[in-house]
Amino acid sequence: MKITFCCTDTKAEPWLQGLCTALPGADISVWQPGAPQADYAVVWAPPQQFMDEQAGLKALFNIGAGVDGLLKLRLPPQALVVRLDDAGMAVQMAEYVCHAVIRHFREFDGYEADMAAGRWGYRKPRLRSDFPIGVMGLGVLGERVARALVQFEFPINGWSRSPKAIEGVRAFTGAEQFNAFLGASRVLVNLLPLTSDTTNLINKDTLARLQPGAYVINVARGAHLVDEDLLAAIASGHVAGATLDVFRTEPLPAGHAFWSHPRITITPHTSARTLREESIAQIVGKIGALSRCEPIAGIVDAGRGY
Ligand code: NAP
Ligand code: GLV
């Protein structure tokens, strides 16, 4: 079995070592232009030339959950596209979002400013019933996040394409229930995949439908959010602030308004990192299942976009 590795911005050596240890009989190497045809590929942001040359691949294993970048390429038509399925990301995402929600709800940013100013001052306790949270996307990550938030006894709404039943989560389904979902939510958490249906979905209209004093947490993709609309909604007072982990251009360009906005907290696309050991174990398990003709989870539906 031949496996090719083509991951931009990723140190190849430890991945190759891990894959070789887990699959001792396999021929595994880093892709170079002109390399021989492989059976399987482990990829992140590969160039189009890779796809054109590796036209006989049986499967492409993306070392991330989001496949929006991969689906922009012309892919070998018979190759399965397989996304990472949690592999240690869901708990990280739950930590990140719970932290952002609680930091905002409990006004820890205000206490940090007080401390820096040498000020000892209490803030009035707020009611969690006044902070209903809407989680957009109830897939592998969104469901884990919603379940974690339920533990803190916030009212939780969830929005997805197909109906869901998650204990403690009020489920909204499809485009027809989107406005009702927004109107029932004050804190908006985005865990949608980036598709033609979801690009620019967080815009002036959707933000205006959130409850007053809204808060936005974007941990999915930068192109879900219309940056200027968020800035305008904050300036108007309707949105209180935002925590953003993902941006239209990454790294976020110097001088972008998000860098210095007092109501916006940014992090460098780090809310749920790919964990190498867990990812290798998952990919190796799936290669084994495919070679035994068994079904695997995480196959992407290119037509749907995720
Ligand atoms: P997933 O398992 O594919 O789940 C996607 C969810 O979105 C599903 O519940 C799906 O509904 C829903 N959805 C898709 N299109 C929709 C639409 N048009 N209307 C309503 N709901 C829609 O994805 P995931 O693993 O949870 O990951 C979500 C995203 O997080 C990834 O695509 C990636 O962009 C991002 N991500 C970010 C980081 C980071 O570090 N910032 C890390 C990992 C992932 P159905 O359930 O009905 O299909
Ligand atoms: C990271 O953003 C991922 O999609 O895994």
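The values are calculated or read from the model by the stated rules, or taken from the named source; none is laboratory data. Keep in mind it's a predicted model, so treat the numbers as computed, not measured. Here the Cβ positions follow ideal geometry from the backbone for every residue, glycine too, while neighbour counts run over all protein chains shown. We work out accessible area using only protein heavy atoms, side chains counted, and drop any ligands, DNA or RNA first. Shrake-Rupley method; radii C 1.70, N 1.55, O 1.52, S 1.80 Å.
Taking 105, 172, 152 as the candidate residues, the one with maximal mean-square fluctuation in a Gaussian network model of the chain, Cα springs under 10 Å, is 152.
Express the Stokes-Einstein translational diffusion coefficient of segment 1-42 in µm² s⁻¹, to the nearest whole number, given a Kirkwood radius over alpha-carbon pairs, 4 °C and a viscosity of 1.567 mPa s. Working shown, then result.
On the way: Rh = 10.5 Å.
This corresponds to a translational diffusion coefficient of 124 µm²/s.
Other residues whose C-beta falls under 14 angstrom from the C-beta of residue 110 contribute a net charge of +3, scoring Lys and Arg +1 and Asp and Glu -1. Working value for segment 207-306: equivalent-ellipsoid semi-axes of 37, 16, 11 Å, each the square root of 5 times a Cα gyration tensor eigenvalue, largest first. Computed from Cα atoms, the angle from the helix 140-150 axis to the main principal axis of the chain rounds to 30 degrees.
Ordering 99, 269, 224 from largest to smallest accessible area (1.4 angstrom probe), what's the sequence? Spell out each step's value before the answer.
Working: 99 120, 269 75, 224 0 Å².
The ordering from most to least exposed comes out as 99, 269, 224.
Using only alpha carbons, the chain has a radius of gyration to Kirkwood radius ratio (Rg to Rh) of 1.01. Projecting the Cα atoms of 241, 92, 200 onto the charge dipole of the chain (Cβ charges, centred on the Cα centre) puts 241 farthest toward the positive pole. Compared with the dominant Cα axis of the chain, that is its longest principal axis, helix 276-291 is turned about 50°.
All C-alpha to C-alpha distances of segment 90-266, sorted into 10 Å bins beginning at zero, yield P(r) values of 10, 39, 37, 12, 2, 0 percent in whole numbers.
If only the Cβ of Lys and Arg carry +1 and only the Cβ of Asp and Glu carry -1, the dipole of the chain around its Cα centre is close to 580 debye.
Helix 12-22 and the longest principal axis of the Cα set of the chain meet at an angle near 70°.
Per residue of the chain, the DSSP helices (runs of n ≥ 4 H) give a summed -39500 (n - 2.57) that works out to -9000 deg cm²/dmol at 222 nm. In order along segment 161-170, the phi-based Karplus estimate (6.51 cos²θ - 1.76 cosθ + 1.60, θ = phi - 60°) of 3J(HN,Hα) comes to 7, 9, x, 10, 10, 10, 4, x, 10, 7 Hz; Gly and Pro are listed as x. Assuming 1.306 mPa s and 10 °C, estimate D for segment 148-249 with Stokes-Einstein, Rh taken as the Kirkwood radius over Cα pairs, in µm²/s. The Stokes-Einstein estimate is 114 µm²/s.
Using 31 Å as the Cα-Cα cut-off, could you pick out the over-long pairs in 11/286; 11/164; 2/164; 164/204; 164/286; 72/164?
Working: 11/286 22 Å; 11/164 38 Å; 2/164 40 Å; 164/204 27 Å; 164/286 26 Å; 72/164 29 Å.
Going by Cα-Cα distance, 11/164; 2/164 fall outside the 31 Å limit.
Descending by average beta-carbon neighbour count within 10 Å, the peptides 25-35, 139-149, 86-96 line up as 139-149, 86-96, 25-35, the highest first. Taking a Cβ cut-off of under 12 Å around residue 190, the surrounding Lys, Arg, Asp and Glu residues balance to a net charge of 0, with basic ones at +1 and acidic ones at -1.
In order along segment 107-113, the phi-based Karplus estimate (6.51 cos²θ - 1.76 cosθ + 1.60, θ = phi - 60°) of 3J(HN,Hα) comes to 6, 5, 4, x, 5, 4, 5 Hz; Gly and Pro are listed as x.
Our coupling estimate for segment 296-304, obtained by passing each phi through the Karplus curve with A = 6.51, B = -1.76, C = 1.60 and θ = phi - 60°, is 10, 8, x, 6, 7, 9, 4, x, 7 Hz, Gly and Pro reported as x.
Give the relative contact order (percent, whole number) for the chain; include only Cα pairs under 8 Å separated by 6+ residues.
On the way: 544 pairs, mean separation 48.1, N = 306.
Once normalised by length, the contact order is 16 percent.
What translational diffusion coefficient, in µm²/s and rounded to a whole number, does the Stokes-Einstein relation yield for segment 11-75 at 20 °C and a viscosity of 1.002 mPa s, taking the hydrodynamic radius as the Kirkwood radius over Cα pairs?
The estimated diffusion coefficient comes to 169 µm²/s.
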